[in-house]
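Engineer: Let me begin by handing over the structure; questions about it come next.
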Amino acid sequence: MLEKNYALNLVIKGIEGAIKDAGLEVEYPDGIRPPEAPVKEEGAKSIVMFRGENGRVRLEYENAKLALFIAKADLADAPDDDLPRASLNLLDLEEFDERDLKYIFEEYIETINKTFGSKGPTAGKKLPTPVSRSKAKSGTIAYDANTLGDRFTKLFPELRDEYKNNVTLYDEFLAEDFFVNHGNKLVIETLRKNDKAMIKKLFNLFNEIYEDGTNDTQSLVGVTILGVSIATNPELLENCQDYFSDTMREPVTEIITYLSKSKGALMRLENPPVYKPQKEKKKGLFASMLGM
């Protein structure tokens, strides 16, 4: 559970680097000064404004939702309450914690950097935007493979460059290539070391992505990553079986059993065909192989 002004302050601190790069500053309402949160109350709305010569940014919290509005300097005549909305996220103060806020302000950083051309950490890189946790929880959009890749490489930062190289090479994130050639090795290594704290973090990620992911993303987690990794190292199942969510346990266990018995299917998964760009979106490569 979060207190409203505390949550808004965390978001403000999270995006302050992008705000500074954009040439903006937070605006304190009359009668409010640090260390109080710069929040202006207008009826049911709680508002935070950032201003500068380059434009304005407005955060607006109302009815368990946090909206981001942005206007560059060429919209100087637009009133503060009529700026274009750039993002809308669920912010349930009763259910969310600090980790949920991180996914919100990471999305806001991307949006602010793109709007104002700031030299943020992702400027100039062709990295697709991951799906925020708040949007996945609200059912607005499901997790995709790129979101898994992005968050996986934050757990294993030594693979961050491989993730970026993958996107650069294919002009998109080719998840099967990344995990078969790089990611699965660290999954296997983590299970083999039996570091319970790290295994818990890893499976918290897998369970969450599987729970609210697309069918292709569920196939990526269940088949490409866990199916292949554990089917080729069955002794590792004991180290992780207590960390499966109820949703994921049965289908993934069946996949592991199937792959353990089908050497042909496992061989095809470990040696995928050469990637060829497709004009229209089709089923995931590994899901198609297994008839899923």
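The values are calculated or read from the model by the stated rules, or taken from the named source; none is laboratory data. As the structure is a computational prediction, the values presented were derived from the model and not from experiment. Note that each Cβ is placed from the backbone with ideal geometry, even for glycine, and that neighbours are counted across all protein chains shown. Protein only, heavy atoms only, side chains kept; ligands, DNA and RNA dropped before computing areas. Shrake-Rupley method; radii C 1.70, N 1.55, O 1.52, S 1.80 Å.
Engineer: Which shape class applies to the range 141-228: rounded if a/c is under 1.5, otherwise prolate when a/b exceeds b/c and oblate if not, where a ≥ b ≥ c are the square roots of the Cα gyration tensor eigenvalues?
Structural biologist: Oblate, because a/c is 1.5 or more while a/b does not exceed b/c.
Engineer: Cα gyration tensor of the range 33-188, axes a ≥ b ≥ c as square roots of the eigenvalues: rounded (a/c below 1.5), prolate (a/b > b/c) or oblate?
Structural biologist: prolate
Engineer: Give the residue list of GluC sites (Glu not before Pro) in the range 21-104 that are DSSP loop and have at most 12 other beta-carbon atoms within 10 angstrom.
Structural biologist: E36, E53, E94, E95
Engineer: Could you compute how fast the range 1-70 diffuses translationally, taking Rh as the Kirkwood radius over C-alpha pairs and applying Stokes-Einstein at 25 °C with viscosity 0.890 mPa s? Give it in µm² per second.
Structural biologist: 198 µm²/s
Engineer: Let me ask you something else. With n ≥ 4 as the cut-off for DSSP H runs, can you work out [θ] at 222 nm for the chain, using -39500 (n - 2.57) per run divided by the number of residues, rounded to the nearest 500?
Structural biologist: Mean residue ellipticity at 222 nm (helix-derived): -13500 deg cm²/dmol.
Engineer: Also, quick follow-up: Enumerate the amide H contacts of G213 below 5 Å, restricted to partners 5 or more residues apart or on another chain; note that Pro and chain-start residues carry no placed amide H.
Structural biologist: Result for G213 returns Y143.
Engineer: Additional query: Which whole-number percentage describes the relative contact order of the range 1-110, with Cα contacts under 8 Å and a sequence gap of 6 or more?
Structural biologist: Relative contact order of the range 1-110: 27 percent.
Engineer: Separate question: What is the distance in Å between the Cα centroid of the range 1-41 and that of the range 62-112?
Structural biologist: 12 Å
Engineer: How much net charge surrounds I70 when only the other residues with a Cβ under 13 Å from the Cβ of I70 are counted, with Lys and Arg +1 and Asp and Glu -1?
Structural biologist: 0
Engineer: Rounded to the nearest 5, what % of the DSSP beta bridges within the chain are antiparallel ones?
Structural biologist: The antiparallel proportion sits near 95 percent.
Engineer: Accessible surface of K137 in the full protein assembly, 1.4 angstrom probe, to the nearest 10 Å²?
Structural biologist: 90 Å²
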